[in-house]
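Structure record follows, encoded as structure tokens.
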Amino acid sequence: TLFPSTTLFRSIKEAGLKWVHKVVTVHHAVAAERQGADAVVIVGLEGTAFKSISQLPTLVSVTTAVRQMTVPVIAAGGIGDARGFLAALAMGAEGVYMGTRFLATEECPIPERHKQKLVAANPWDPDFRDRCLAPPRPEEYERIMGKRGSIPQDEWLQRLEQVMFGHDADSKAKLDGDWGAEAALRIAGGSLAVGVIDRVMSVRELIDTIIGDAERILSRQGSLG
């Protein structure tokens, strides 16, 4: 479902917790605010993992959303350094959400060879570019949705997953066995943020570097206001 059940939503509020809803389209962001979300994370096409047939780039999604919403908007998708952070703030976001950049940190529990692949990766490499910037084909999405209930649930979910990654749902090669660590990296580390990953560092150093670089940029160029 798009939103937590009414019971869960009520429990979140009664417990004094904040509901931060993650979406990939402005339409869903606005709907989340209407349902009572305290903040919304909007992930643009430059981000990783599943894609929506109506997903847009981070720049367009965030700047469009902040014109329509009053709750804080958090930008995600392709952000991994001080320039991306400041760009998000200039677009009207209250903060940023980073995933792929944190994979290339000392604390991240993935093999070192995968971290080095992120360091060496280029965002214009088709392996990253095409996977990020190509949303599912609407006709393929509708076709696999039409098969729901006519094939085993596990198989249907696996085929839907392939479509959401931009693959052919009926490709036998994509459906065989456990993908393992290599596939996990492809799924979790597919953001175009690889373009700003130049070395592996600690989480603390990463955050300190982003904040420090942002402050230096602002001191040279003035405020964002």
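For this structure, a couple of remarks:
- Against the test of being of a type in the set (Val, Ile, Thr) and farther than 18 Å from VAL194 by Cα, the options VAL24, VAL43 yield a single qualifying residue, VAL24.
- Options ALA93, ALA39, ALA65: the member that is under 20 Å from SER191 (Cα atoms) and modelled with pLDDT of 95 or more: ALA93
- Among the residues here, GLY77 qualifies as in contact with a helix residue (DSSP H, G or I) (Cβ under 8 Å, 6 or more places away or on another chain) and small (Gly, Ala, Ser).
- Of all residues in the stretch 95-117, those satisfying the criterion of being more than 13 Å from GLY78 (Cα to Cα), open to solvent by 80 Å² or more (accessible area, probe 1.4 Å) and not in a helix (DSSP H, G or I) are GLU106, GLU107, PRO109.
Matching residues to (1) within 25 Å of LEU59 (Cβ to Cβ); (2) modelled with pLDDT under 80; (3) crowded, with 17+ Cβ neighbours inside 10 Å; (4) not hydrophobic (A, V, I, L, M, F, W, C):
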| position | (1), (2), (3), (4) |
| --- | --- |
| SER150 | no, no, no, yes |
| ASP170 | no, yes, no, yes |
| LEU192 | yes, no, yes, no |
| GLY195 | yes, no, yes, yes |
| GLU205 | no, no, no, yes |
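- Within the stretch 96-130, restricting attention to residues that are under 23 Å from PHE85 (Cβ atoms) and of a type in the set (S, T, N, Q), the residue that is modelled with the highest pLDDT is THR105.
- If the condition is being open to solvent by less than 70 Å² (accessible area, probe 1.4 Å), in a loop (DSSP other than H, G, I, E, B) and over 19 Å from VAL163 (Cβ atoms), then the stretch 118-142 contributes ALA121, ASN122, PRO123, ASP125.
- Only one of the listed residues (SER52, SER11) is assigned to a loop (DSSP other than H, G, I, E, B) and either farther than 16 Å from LEU89 by Cβ or of a type in the set (Phe, Trp, Tyr) (or both). That residue is SER52.
- Residue match in the stretch 29-40 (condition: assigned to a strand (DSSP E or B) and under 30 Å from ASP208 (Cβ atoms)): yes
- Residues of the stretch 143-157 that turn out to be under 17 Å from ILE53 (Cα atoms) and part of a loop (DSSP other than H, G, I, E, B), as a count: 1
- Single residue of LEU175, LEU160, LEU133, LEU185 found to be modelled with pLDDT under 80 and more than 23 Å from the chain's Cα centre (by Cα): LEU175
- Of the residues GLY80, GLY47, the single one that is at negative phi, in contact with a strand residue (DSSP E or B) (Cβ under 6 Å, 6 or more places away or on another chain), in a loop (DSSP other than H, G, I, E, B) and small (Gly, Ala, Ser) is GLY47.
- Residue that is touching a Phe, Trp or Tyr at 6+ places or on another chain (Cβ under 7 Å), modelled with pLDDT under 95, open to solvent by 40 Å² or more (accessible area, probe 1.4 Å) and more than 28 Å from GLN221 (Cβ to Cβ), where the choices are ILE53, ILE12: ILE53
The values are calculated or read from the model by the stated rules, or taken from the named source; none is laboratory data. Just so you know, these numbers come straight off a predicted model, no measurement behind them. Virtual Cβ from ideal backbone geometry, glycine too; neighbours counted across all protein chains shown. What goes into the accessible areas is simple: the full protein's heavy atoms, side chains included, and nothing from ligands, DNA or RNA. Shrake-Rupley method; radii C 1.70, N 1.55, O 1.52, S 1.80 Å.
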